[in-house]
Amino acid sequence: MGIGAAEMMFRCVFQGSISMQDCLMELPMCTALHNLKGICLSTCTSRTTNISFPKKQPRVIVPCLCQLPDSLLIFLILVPALILAAEDTTSITMTWALSLLLNNRDALNKVQQELDIHVGNNRLLVKESDIKNLVYLQSVIKETLHLYPAAPLSVMHESIEDCTINGYHVSTGTWLIINLQKIHRDPFIWENPFEFRPERFMTTHKNIDVRGHNFELIPFGSGRRMCPGVSFALQIMQLTLANLLHWFEFETPLNEAVDMREAAGMTSPKATPLEVHITPHLPTFVYDSNN
């Protein structure tokens, strides 16, 4: 019985082992992309040979792209892809973070007090250099990723050979799915795992990182196939959430609790949109100064 198109695509993408760093260093590692470049180059050469164009006509983009060196082509294709891939997951995580804070006003007040101390009320923008001092804000981001990992089932993997793990036999070709949300909410690992407690990352779990080194918290995965945009995503989430909470006061309509139901999918967005009312948090002259 033949395999379906979706399964074939999965096997082409996920079979074997690959390092994102290798892909960035050398285009031939991305076989399909390298072959696509050859097809485009062949097609463009054929068409430009058989068709006469006016001398002053601008050159079309595809032939120009085909003439780029491999190193630049992989940069132009992969870097925007990484940014676009991060757009959905980072926005989902920030939505959950704000939702959790709105349902836990004491935590929201602590974040804004921390911003008032380390950034002040006379400056508009929270800068990258400020983040190291915003310890509670960083803990809020970690706790959000702990409770609501953007991809709760991580990325599927396929075993390339027979192996035995903790007494379990895994045959070649077996698809493996890691339930990150189950790990993150395991009561044998986490105390009160369903409660929003950013303080845990300042005390008992102070040394727990989200970059794949601690398997009890791996929202970005781990190993060679972990999310290659982890540093970029963390920086964006920290700066964006910090600036939003620095600029505005947030309230829910009628001061109701935020609905925390999750929608189904590869990612874990809220089942209902987050609706808020915002008012300025800073003095008026700060917004006018644009500093």
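We did not get these values from a lab; they are worked out from the coordinates using the rules stated. Note that this is a predicted model, so its numbers are computed, not measured. All Cβ positions, glycine included, derive from the backbone under ideal geometry; neighbour counts span all protein chains shown.
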(request) Provide the gained length on full extension for the span Ser171 to Ile189, in nm with one decimal, where the gain is 0.36 nm per separating residue minus the Cα-Cα distance. (result) 3.6 nm
(message) Using Cβ contacts closer than 10 Å as the measure, can you line up Glu128, Glu262 from fewest to most?
(response) Glu128, Glu262
(message) Can you list residues from other chains, or at least 5 along the same chain, whose modelled amide H is less than 5 Å from the amide H of Glu249?
(response) Thr279, His281
(request) Work out how much length Tyr287 to Leu274 would gain on full extension: take 0.36 nm times their residue separation and subtract the Cα-Cα distance, in nm to one decimal. (result) 2.2 nm
(message) Please compute the modelled spin-label separation between Asn179 and Ile160, points set 7 Å along Cα→Cβ, answer in nm with one decimal.
(response) 2.8
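Under the definition of Cα pairs under 8 Å and six or more residues apart, what whole-number percent is the relative contact order of the range 86-289?
27
Within a 10 angstrom radius of the beta carbon, how do Glu251, Glu191 rank from fewest other beta carbons to most?
In order of increasing Cβ crowding within 10 Å: Glu191, Glu251.
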(request) Give the order of Ile218, Ile131, Ile189 when sorted by the count of other beta carbons within 10 angstrom, beginning with the fewest. (result) Ile189, Ile131, Ile218
(request) Determine the shape class of the range 104-185: with a ≥ b ≥ c the square roots of the Cα gyration tensor eigenvalues, call it rounded for a/c under 1.5, and otherwise prolate if a/b is greater than b/c, oblate otherwise. (result) prolate
